[in-house]
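Single-structure report; data block below.
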Amino acid sequence: MRFLTQDPTLADFGHDPWWLILLKIVVAFIFGMSMILLGVWFERRVVARMAVRPGLNQVGPFGLLQTLADGIKGILKEDLLPRTADKVVFFFAPTVPAIFALTALSVIPFGPMVSIFGVQTPLQVTDVPVAVLVVLACSAMGIYGIVLGGWASGSTYPLLGGLRSSAQMISYEVAMGLSIVAVFMTAGTMSTSGIVAAQAGGSEASWSIFGWHPTVPSWYAILLIPSFLIFVVSAFGETNRAPFDLPEAETELVAGYMTEYSSIKFLLYLLSEYVAMVVMSSIIATMFLGGWRAPWPITAFWSGANSGWWPLLWFLAKVVLLLFIFVWVRATLPRLRYDQFMKLGWKVLLPVNLIWILLLGGLRVMQDEQFSGRNRWLIIGGAVVAVLLVALLWPARKAEPKTTLEEQMSARPSGSFPLPPLDLQVPPSPRAKRVVAERRPANVTASGAGSGQVADADTDADEKEV
Amino acid sequence: MSTVLAAAGVGAGEAWTFWILGPLAILAALGMVVARNAVHSALWLVLVMLCLGVFYVVQAGPFIGLAQIIVYTGAIMMLFLFVLMLVGRDASDSLIEVLRGQRLAAVALGLGFAGLVGAAFFRALDSRDAIGLAQANAEGNVQGIAASLFTRYVFAFEVTSALLIAAAIGAMILAHVERHKDQKFTQPDLMRARFAPGNYPGPKPGPGVYATSTSVATPGLLPDGRLSDRTISPILPKRELTEAESTPKATEGR
Amino acid sequence: MSLSAYVPILALFALATAFTLFSVGISQIVGPKRYNRAKLEAYECGIEPSPEPVGGGRFPVKFYLTAMLFIIFDIEIIFLYPWAVTFADLGLFGFVEMLLFIGTVFIAYAYVWRRGGLDWD
């Protein structure tokens, strides 16, 4: 392995002089803050573009400084303390999620060993044997800020929002905690730099298909794809992002737990949401997307891509890509209903996760224990038969008897609210009409009978060009 | 290997952490006892748990430290908070003694227990060095825990799962209101009830606040000029409108 | 592995705490203060806030059940982590052990599911 000397191990941490520690934490802090600026900008600009609007374009180049302007404006607003609020808790609740979200940045690996002012040091604030647990602990502690903020406001909407949010976050923490078990099983460590090193990859598989040893994909996103998908879904739930942004469902709860907050306290909640998003993106990149390592096609023709300061670029690219996906999902998917959301977390993600862990464990054990070929196939066959049997014997839900439209109509009690006739024709989508119009040559005068239609099509096409 | 450091003696950083967080933990524990509001008590307890977690890490047990933070502060204290909020926001402790002389007995017993524990610790720690930490953490803390948990203490580990079953069943019996499938009010049921005869399915009209006055207590007008009761929220207190509220706003003359 | 590797985590925690407390504190000074009774009332879409029920805002016991289930699975996860890290060394014995453990907890899970504890309505 060419890059092994570059890889920081756990022994490389904890030797930094004090000024380097200070430098690193300040840089990590600034990284978090600047990613917020970018995140909010992304949020508004990308969503605007997806909704065919220009989006931010007034303050700074491409509206990049809009977040800063909003922040300053927020600071200069009046800080309200509601009459019914619990004064002390109301005061410090907004700081909690922000503090813990920022603390989680301390174990994110940004790059390999580099030289800073002559000191050889890993490009990471610190790493410990339980680094991933530090992130989990931080996200668990962040929930306090939300539930306390909702409770301390002394108002109904925030209380409901805070409760919903905390129930949601603890539900998805289970799914998230379980999905990284497979990563630990494969990497054999809980330190973030160790997990990145374990994804260095390119190794040949120990098993073979007719004597051919395929190259195992190194990223856990491919190798452990169920874990990856579950982790990403639960990351959305854990950060209260759309489509799981139920605590701030405006139509039901005003602004959720933030309703009574104003000025900087409100901004701190927003800040913690975006920092949590950045932390989650970084953790996804670290645990599933190879961390700071360059993606495959780059390493194929450039051997130096994983050394020096370049990995910082790959890491940032992955984080920004994931942030983009966060925003993209928000622009695309509608919000889930609360019962659907809880059902997804408890009834789908959790059992799938457990079964996947056991499946992976079983496969790995069979690899390691050197079962003879026949026994191995017997076990696999037995497992498949068992699964099929369970699937076959699973009590199927009775299909509801089909009723015709007339029966449904006549079943309605007399005096019901009048409904439009249910067999109305759905008009064709205007988008489809436009596509048809664009394909047709713009020729108004030539056609006789269908001229009105063609004229219609023309105006449609014109509208599009405007 | 400076986990050996703890075995050799107390490191400077460890001492600093202890002397800062130790008093903080004690203060928080006192705060938990003293606080009037139950939620404040729980928050002080959260602080105690956090300090304990850091103590474990400092004592070269990082896994157990983080587990303390994740399970105790993250999960169990959250349950405490939920339960306290279940009871209600302003429910403070009643200060009426149910058992006579309960406080005196509690103070005496508490002091006695503290003396006992203190004496035991004093004798145990007096000029004695801790040993075995380096061996226990030889292959790393997590690996060491796994090695003993999944080999030597395997029975205790398996029995824990039975404990979890008991917890689940207990929670279900205490907190779950079982309803038969037929009694469940599903979304189609709601819609049927909404469109049932006699019920107006649309949203209720807003109050007449924008038309004539600045008060939401102003009823809206029906097309024939009568007042509509449906436009006023039932939770609003009924009161007489003041002169300023009831006089029509001067919109014509402008 | 030295304990000094944990120092930066505490340092970043301290920095974040200082920053947030500073910003919360400064908002008391910088922002304007214009007293208005209506502004300090709880927000309820512009109407006068409905009085809270006796004993403050109560909420459904359902949340308690969710928190309890969360604890159960959190403990299971905490047991899974050391197992996962040392999975390669534990081998078949460790796997069977965990199979039993997860299986037993799964009974609790199936029971809660069957009784409708996971339904939210």
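Each value in this text was obtained by applying a stated rule to the coordinates, not by laboratory testing. Everything quoted here is computed from the prediction, not taken from an experiment. So basically every Cβ, Gly included, is an ideal-geometry build from the backbone, and we count neighbours across all protein chains shown.
Based solely on C-alpha atoms, express the radius of gyration and the Dmax of the stretch B:10-90 in angstrom.
For the stretch B:10-90, the Cα-based Rg and Dmax read 14.0, 46 Å.
Could you order the peptides B:221-232, A:167-178, B:154-165 from most to least packed, using the average number of other C-beta atoms within 10 Å per residue?
Put in order of decreasing packing, that is A:167-178, B:154-165, B:221-232.
Just to confirm a number: summing +1 for Lys and Arg and -1 for Asp and Glu over residues other than A:ALA140 whose beta-carbon lies under 12 angstrom from that of A:ALA140, what do you get?
Once all neighbours under 12 Å are counted, the net charge is -3.
Among A:92-104, B:45-57, A:307-319, what's the highest-first ranking by average C-beta atoms within 10 angstrom per residue?
Working: A:92-104: 26.5, B:45-57: 20.8, A:307-319: 18.3.
Output ranking for A:92-104, B:45-57, A:307-319: A:92-104, B:45-57, A:307-319.
Which FRET efficiency value, to the nearest 0.05, do you get for A:ILE30 and B:TRP16 by plugging their Cβ-Cβ distance into 1/(1 + (r/R0)^6) with R0 = 30 Å?
0.65
Taking R0 as 41 Å, what's the FRET efficiency between A:LEU313 and C:LEU40 from their Cβ-Cβ distance, rounded to 0.05?
The value I calculate is 0.25.
Could you work out the mean count of beta carbons from other protein chains within 10 Å of each residue's beta carbon in A:176-187?
Mean number of neighbouring Cβ atoms from other chains: 4.
Kirkwood Rh over Cα pairs of the stretch A:49-199 into Stokes-Einstein at 25 °C, 0.890 mPa s: D in µm²/s?
On the way: Rh = 19.1 Å.
For the chosen part, D equals 129 µm²/s.
Just grab the label-to-label distance for A:VAL352 and C:VAL96, each label 7 Å out from Cα along the Cβ direction, in nm (one decimal).
Taking the simple label geometry, A:VAL352 and C:VAL96 are separated by 3.2 nm.
Please report the net charge: other residues with Cβ closer than 11 Å to the Cβ of A:ARG53, K and R +1, D and E -1.
Summing Lys/Arg as +1 and Asp/Glu as -1 gives +3.
Within 10 Å of each Cβ in peptide A:348-359, how many partner chain Cβ atoms are there on average? Round it to a whole number, please.
Per residue, the number of nearby Cβ atoms from other chains is 3 on average.
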